[in-house]
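Q: Questions regarding the structure given below will be posed in turn.
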Amino acid sequence: MGSLDLLNIALDGYSAILCAMMGVYALIGERGRRDRVSRCFAGICLTNAVMSLGDMTSWAPAPPLDEAEYALVVAGSFAYYAAVMPLYLFFTGYVVSYLERRTQLAPTTRRAAAPLLGAFFAAYLACCVASLRNGMLFAVTPGEGYARGDMFWISQASVIALHLFNAVLVLRHFGCLTAAERLGFVSYLVLPMAADAVQVTLFGVALLNASITVALLVIFISIQSERKALLARRDRELAEARASIMLSQIQPHFLYNTLTAIRELCLTDPDEAARTVTDFSAYLRENMASLTSSRPIPFERELRHARTYLSLEQRRFGERLCVEFDVATTAFRLPPLSLQALVENAVRHGVAKCERGGCVRIVVREEPDAFTVAVQDDGVGFDVERKADDERLRVGIANVRTRMEALMGGSLLVESVPGAGTCATLRVPKKPRMGRWEPGCSEKEAVFAEAERPTEQRAKGSR
């Protein structure tokens, strides 16, 4: 084994270890495992680690090969070729996932990319499997060891095509990226292609995996580590928001008033008192369950909780509180207690402060790219430009807005006119899925989890 072989083994070994460490780090913690960007980055790292380990079999053992060595080289060569295409497809998923957080991707990109790349992967994988028999991409013999096949160019053309697709995707949205993000993406677009060109031209030099590792290290330092820290901070903020929203929901006056109403009903209408106790227990149970809920819940459940609360308040206010529902759809999710908080604000800070009472109206609509939930009241209203006099009102609105942005990528808009009423509107974006829109959900799922692979022939040299 020559010094160049030892160098190549060292490069591949260090690449495998470093990529495995970065991949595992990206998946540490529940937030990392749920985040599609982190999962795609981990996919890139781990497939490059597989490639690096497979490539090591080209340098050791040296031919002629015994039976065990032959099996090792065949397995390593297949792993190398079979991992190349997933590597670039995971990068496609990484780019798509990352850009979706910053901008709106073209509908044609979402519609066409998934089926085309899926077919691309299937065709390439079939070539890899066929090469085990006919050696079209690569061949392994006991006497010669690994060698490029006659149709090695197919693997190179496949990689170049996919790499160009990724380059176009990044360049089209270059303006929405920061300088650090541009550096990370450009390094991944330039370094592997430059190394592959050298590797195809010069037999015996293993640069591709090492260059990919360097590019991933740049992305890790400039993008991924900062992103992971941001996600950790967001988790802490969400935990604080959930605790604060719960405290704002458990209102002593509401509890006292409800219990007082139940006591009076026990004397005048026992059946109604029993129904009120049932609603009150359901209200408390749902509030307590939300304390430990970190993910969005079906809107139907949130709406049911709001109905229970409004039913209790109607028993208290009687004809002074009118409630209307105009619900066109319930096929989406919301952070727990988000609708509930807005409904309670409408009653407590809108209608209850109005001598004549008023009406609370919940309107739900489906738009082409989002769902909207509006909570309207014709109560006293307030000046949205001024800081709220009631600290609980201000904190409640801020918490709902924080959780909508963090969990759903959504928003909360509050409009109010003093003396005329208030309208608080939640906007829940639908989840983009190549070619169609699906109901809003807590996380966007990984778009590309499967993939493909390339390369050429060589006498005992670089793949």
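Only the coordinates and a few stated rules stand behind these numbers; no lab work does. Predicted, not measured: the structure shown is a model, and the values here were computed from it. All Cβ positions, even for glycine, are placed from backbone atoms using ideal geometry, and neighbour counts span all protein chains on display.
Q: Within a 10 angstrom radius of the beta carbon, how do MET136, MET56, MET21 rank from fewest other beta carbons to most?
A: So the ranking, lowest neighbour count to highest, is MET21, MET136, MET56.
Q: Taking 7 Å along the Cα-to-C-beta vector as the label spot, tell me the ARG295-ALA10 distance in nanometres, rounded to one decimal.
A: The two pseudo-label positions are separated by 4.7 nm.
Q: Using Cβ counts within 10 Å as a stand-in for footprinting exposure, how do ILE362, ILE212 rank, fewest first? Could you put the intermediate results ahead of the total?
A: Details: ILE362 21, ILE212 28.
By the 10 Å Cβ count, ascending, the order reads ILE362, ILE212.
Q: Using only alpha-carbon positions, what ratio does the radius of gyration of segment 1-141 give when scaled by 2.2 N^0.38 Å?
A: On the way: Rg = 17.9 Å, N = 141, 2.2 N^0.38 = 14.4 Å.
So segment 1-141 has a normalised radius of gyration of 1.24.
Q: Subtract the Cα-Cα distance of ALA119 and GLU415 from 0.36 nm times their separation in residues, and report this length gain in nm to one decimal. It would help to have the intermediate numbers written out before the result.
A: Values: separation 296, 0.36 × 296 = 106.56 nm, distance 4.89 nm.
Residue separation times 0.36 nm, minus the Cα-Cα distance, leaves 101.7 nm.
Q: Nearest 0.05, what FRET efficiency do LEU183 and CYS359 give at R0 = 35 Å with Cβ-Cβ as r?
A: Working: r = 56 Å, r/R0 = 1.59.
With a Förster radius of 35 Å, E is 0.05.
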